[in-house]
Amino acid sequence: MGHGGVNIDTVKVDNPVQAEFGDNLSWVCPAIEEILFANPQLTFTTEDVYAACINGSASLWVTDDGFVVTTSEVDPYNGDRTFLIWLAWAKIRGNNLVVKHQDFFIDYARERKYKKIEVRSAIPELTSYVLAHGWEIDTIVYTRDL
């Protein structure tokens, strides 16, 4: 797992590094709670994210700027794998972290033979930003509570 239990408070990192969730509980859990509070449509909990990282179905990546949690999905019809940036959080918003770190994650996903890299968000402002930096819209999902 990269640098083992890297703790963002003690190590200066520029490129994202995989880190042990348990070693970063003090700042990652409150950040996930912040994401969940801002996005009440999300159905998972902080404990679900923790469990996914502990059981190896997701990975925590940290930098001095914040963190992302990644996972992968497999297309049930053709078997293609997608590298999903499941959660992303920045200590300071507006620092162009998508652009700063996207090449790192694109290279990581390519090296592991993923067919796509994907980010999902309910934040409308993200659309024009990511489209301006090489991303494409694949699907827009609209929901209505019943």
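The values are calculated or read from the model by the stated rules, or taken from the named source; none is laboratory data. All figures in this text were calculated on a predicted structure; none of them were measured in a lab. In this analysis, Cβ positions are derived from the backbone assuming ideal geometry, glycine residues included, and neighbour counts consider all displayed protein chains.
What the table shows:
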item	result
Residue, surrounded by the fewest Cβ atoms within 10 Å (Cβ to Cβ), within the stretch 86-143, restricted to residues that are of a type in the set (A, V, I, L, M) and closer than 17 Å to Gly66 by Cα	Ile92
Restricting the stretch 43-80 to residues that are in a loop (DSSP other than H, G, I, E, B) and at pLDDT below 95, the residue that is nearest to Pro124 (Cα to Cα)	Asp65
Those residues of the stretch 49-69 which are surrounded by 13 or more Cβ atoms within 10 Å (Cβ to Cβ) and either free of Cβ contacts under 8 Å to residues at least 12 places away in the same chain or among the polar types (S, T, N, Q) (or both), in sequence order	Ala51, Ser59, Thr63
Of all residues in the stretch 110-138 being part of a loop (DSSP other than H, G, I, E, B) and of a type in the set (Val, Ile, Thr), the one that is farthest from Pro40 (Cα to Cα)	Ile137
